[in-house]
Each structure stands twice: as structure tokens, then as C-alpha cells.
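**Q** Would you mind keeping the following structure in view while I ask a few things?
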Amino acid sequence: MTAAAVWAALEPGDRDWLRALAAHAGPGARVALVGGAVRDALLGGARPDRQTPGVDLDVVLDGADVEAVARATGLPFTFHPAFQNATVTLPDGRGVDLVRARRETYPVPGRNPVPEPGTLEDDLRRRDFTLNALALTVTPDGPGALLDVSGGRADLEARVLRPLHGRSLFEDASRLIRAARLAARLTLSASPELLAQVPDALGMAGATPRLWAELKLLLQEPRPGGAAGVLEAWGAGLLPGTALLAALDARRDAGAEVPWTAYAAAALSAGPDPAALAERLGLGDRPGALLDRALSDSFHPPDSPEVLLRALLRPDAYPPLTGRDVVARGVPPGPQVGEVLAHLAALRRGGGLRSREDERAALERYLQER
């Protein structure tokens, strides 16, 4: 595929915006579209998980003032002085990263890298995998050249995921999780170089906070069970409950609405310390609360995440009788209904009830005794 073909794969509005951006950068600068947009165009289309129009746009500026270029677009933006980058918000709500071309070093593996000004080629070489180190230069008149400094096009054709250098996953262990997400989403195989670095990444996991943030993002993939399965196959089962996540993938594939919180709750259910795992992954309170509801006997609609999880975590569970069922049997609304439901709940906890029919029989006995 040529540079013109990659350009043609972009949305017309995105092409117009990139041309205008190149004009704002000035004649002495180089502007390049990098990363996922170029990769996906070479694969033949946008990511299959896109929920919003267009593709993600990541742009490197070489020889231009990033803040001045962002301001010249006339769009809302946030400037990040530490890395001299900006995030511009497009009219459709997408955020575009404008990155100053740079080199990076990792004085302390696992921590944030130290940036230094560099060229466009330097910027491509600092990235995670060869198939993400591809760039399409852009001019005010349209596409320029398609740059490949590390053999990314060949790896893309072979559908192989290869790190850029031998210390890549040691310096940033979160790349291991990104690798699994990409491999599952795009059906890629791991190169021998990647697999050889898995022990390095595992050894640095505890010292790499970004790794746990990436695991949270994995739970928001189109098929989290597939990505977790890739990690496990690589000998890096960092997320518990892979079989449960795969079962949720199957439900989602069949058309069920499975929110990411259900995947997170399933992972928590399989861990030895759900609260500690939730804190480490930065999940907030919602997945844990969902798990508690799924493990309870409280009523929820048949298509709810609670019932979906309950079927996986408690396969012998059944829909318990509700207050409406008790009232239909003739118990007047009020405190007596609560007393009946509390009696049935106590029998369930004691193991005396195993089906809805058991509950109906217990209800009859209770009413006769009263």
C-alpha cells in the first residue's frame, strides 16, 4: 500500500484537518500522522471496535512549536508542558494528540521516561512495537512519504507483534499488556523477541504503575477474555478469572449487553483479595458493588449484569420469590411481606432451599403454620 492509499483510507474531514495542520506548522516543519491510524489503514480499515466516527489521530510535529500550532487550529486544546505535547478536541469530540518529536530515556525502569527533543525518526524509534512505528508525512497539499524505520510493514504483513529493542518491556512493563490487547484485537502473534522479554516485564510489574492502568483498559476491550487469554498463553496471567472473562466474551458475542464493570467484577471474584485488586487496578466502587449484588439473592431483571454474573458465579442459583409473589399468595402488603421474605432468605442461607419450587413449598408451610 502506498502513501496515497493510506491517505485515501482516512475520512475526508480528517484529511482536510491534517492539511490545515501542516499549513499551521509552517514550511520548515515536518508533520506526520503516526501509530494506529497508519497501522489500521495498512491493515485495510479502521479498528473493529470503534464506537465513534473516524479513527484515532496521533500527530508528530518536527520543527514546529506544538502550543502555537494547537492554538492556530482554533479548537479547544490542553497543553502538557513537561512533554511539550497538546491534546486538541475535534468538533466530533475526538481528542488528537499533537506530539513534539522527541527521544526518550528510562533512567529508572518502570517510571516515566525523560524526554529530549529529537527528529521524527527518533520519535518513531521510541515507540513500543514495530507496527506502531509507522508514519505518514503530511503537507498542506496532501500526503507525503510513508516512513518505516523498523520493519513495521513487514511485521504487519506477517501479523507479528515485535518490540523495537531488547529492553523494551523491561523499561516499560505496561507494554506487555498493550501487546496482549493488540494481539487479541488484531489477531497478531507474538514474535520470539516479545516472548523472550515476558519474564522481564513480569519482574518489573510491581514497579510499573502504568501496567495496572493498562490492565484496567484491557477490561474495556471488545473481548477482554481474549486479551486475558493471550496474556495467560504468554505465561503472564496477571489478571485472575480468565475463564470467566472468556465466558463473558461468549455472552457478548451472542448479543448480550455486557458492560466492562461485569468483566471487572468477574476478575475480582476470582482474586484472593478483591478489595486490594480493585484498588490496584483503580476500578472504583462500581465493580465490587456489582459483584456483591450478583452474589446476593436480590431480584434483578433477567437481562441485567447481576443475573448474567450470577449465572456464571452461582450456576445453581435460581430467581427467588419476590414481595409480589408473596402478596399474590394472599399476604397483605406491609411488614408481614418482609417477615416472609426474611424467613425464606434464612432458609436459603442455611441450604434448605434449592429451587423456586422449594421456596413456594416453604412459603405454603410458613403460611399454614401462621
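The values are calculated or read from the model by the stated rules, or taken from the named source; none is laboratory data. Model, not experiment: these values are computed from the prediction. Note that we place each Cβ from the backbone using ideal geometry, even for glycine, and neighbour counts take in every protein chain shown. Quick note on the areas: whole protein, heavy atoms, side chains included, nothing else; ligands and nucleic acids left out. Shrake-Rupley method; radii C 1.70, N 1.55, O 1.52, S 1.80 Å.
**Q** Dividing the alpha-carbon radius of gyration of region 304-352 by 2.2 N^0.38 Å (N being the number of residues), what value is obtained? Intermediate values should be presented prior to the final figure.
**A** Numbers: Rg = 12.9 Å, N = 49, 2.2 N^0.38 = 9.7 Å.
That ratio works out to 1.33.
**Q** Could you calculate the FRET efficiency of residue 5 with residue 273 from 1/(1 + (r/R0)^6), where r is the beta carbon distance between them and R0 is 56 Å, rounded to 0.05?
**A** So the FRET efficiency works out to roughly 0.65.
**Q** Moving on to the next point. Enter the Cα centre distance for the pair region 168-204 and region 304-370, rounded to the nearest angstrom.
**A** Here the two parts' Cα centres lie 49 Å apart.
**Q** Percent relative contact order of region 60-191, based on C-alpha pairs within less than 8 angstrom and at least six residues apart?
**A** In percent, rounded to a whole number, it is 17.
**Q** Just how large is the dipole of region 239-370 about the Cα centre, in debye to the nearest 20, putting +1 at every Lys and Arg Cβ and -1 at every Asp and Glu Cβ?
**A** 200
**Q** So what is the relative contact order of the chain, in percent, for Cα pairs below 8 Å that sit 6 or more residues apart?
**A** Worked out over the chain, it gives 10 percent.
**Q** Per residue, how much accessible area does the chain have with a 1.4 Å probe, in Å²?
**A** Value for the chain: 46 Å² per residue.
**Q** For the chain, with all protein chains present and a 1.4 Å probe, just round the carbon and sulfur fraction of the accessible area to a whole percent. Walk me through the numbers on the way to the answer.
**A** Working: 9190 of 17120 Å².
It is 54 percent, rounded to a whole number.
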